[in-house]
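The values are calculated or read from the model by the stated rules, or taken from the named source; none is laboratory data. Since we're looking at a predicted model, the values are computed, not measured. A quick note on method: Cβ atoms are made from the backbone with ideal geometry, for glycine too, and the neighbour counts reach across all protein chains shown.
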């Protein structure tokens, strides 16, 4: 999904390369070949691709990629989050450390209870949270063998949360075994896990970097990102619209929305909407979220 001019993964790759990382393992499921091709053709970094054929949770994902993990520290990043944080103090620390942010409702996240700078308990998606410190999907593991042993332990016990082997549960197992885990605050954390948060992240990123687009018959209200290869006629674009490569838009208004690669939009007002790649939307005035290669005709 294109957010402010590039896929979510592109924002992550830009950040880790700027911070000096030279190797990465991508654990993929849906569209794995497309993800691998994007990284290999866009970035000069050594990558390993591991396919998670069965979706058994984040801890299981790390488990099946264990052959790519050595003895050096590793940074684990969830692929549905964009972050802006200075990692240098974290990488220089002596303990494993996880990124956290104070949120009003942490029930859809893992949470961390903290005392004296160290984690005292980790809980995955609690119904009754005892902390507002949400785990944001950044994990610095100073000694990977400790995490791999903890994952082995929860899998041997068949310890699952909501039917999956959770990374949060593995980290809690690691902590209970005596490993000290610290935290670091990630104020610049942009969640892309739900439609409304994805659109919010798109708005934030567009505020700091948007593109210009000038064509006869097209009104652009910044901030926006419009790919140079997009074809737009008799339309109003923006504010806060991301239009990906190969998109065709005609006789429409698109604002606070993301339109994926090669999608088609005609005679429509799109607001607060997400349109997947190769999707087709025509007619009427709607708020929609549709996936790749879908088709909706509101005139029928």
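Overview of values
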item	result
Residue within segment 236-249 that is crowded, with 22+ Cβ neighbours inside 10 Å, out of contact with any helix residue (DSSP H, G or I) (no Cβ under 7 Å at 6 or more places or on another chain) and touching a residue at least 60 places away in the same chain (Cβ under 8 Å) present	yes
Residue match in segment 180-199 (condition: farther than 30 Å from residue 275 by Cβ and in contact with a helix residue (DSSP H, G or I) (Cβ under 7 Å, 6 or more places away or on another chain))	yes
Any hit, segment 210-223, residues being closer than 30 Å to residue 92 by Cβ and surrounded by fewer than 16 Cβ atoms within 10 Å (Cβ to Cβ)	no
Helices (runs of 4 or more DSSP H) wholly inside segment 6-81 that include at least 2 residues being modelled with pLDDT under 95, within 18 Å of the chain's Cα centre (by Cα) and more than 22 Å from residue 190 (Cα to Cα)	32-42
Filtered residues of segment 152-168 (kept if out of contact with any strand residue (DSSP E or B) (no Cβ under 6 Å at 6 or more places or on another chain) and not in a loop (DSSP other than H, G, I, E, B))	152, 153, 154, 155, 156, 164, 167
The lone exception for residue 107 - which of (1) touching a strand residue (DSSP E or B) at 6+ places or on another chain (Cβ under 9 Å); (2) at pLDDT below 90 it fails	(1)
Search result, residues across segment 180-206 that are assigned to a helix (DSSP H, G or I), in contact with a strand residue (DSSP E or B) (Cβ under 8 Å, 6 or more places away or on another chain) and either in contact (Cβ under 8 Å) with a residue 24 or more places away in the chain or surrounded by 15 or more Cβ atoms within 10 Å (Cβ to Cβ) (or both)	195, 198, 199, 200, 201, 202, 204, 205, 206
Count of residues meeting criterion [within 18 Å of residue 200 (Cβ to Cβ) and in a loop (DSSP other than H, G, I, E, B)] in segment 216-259	6
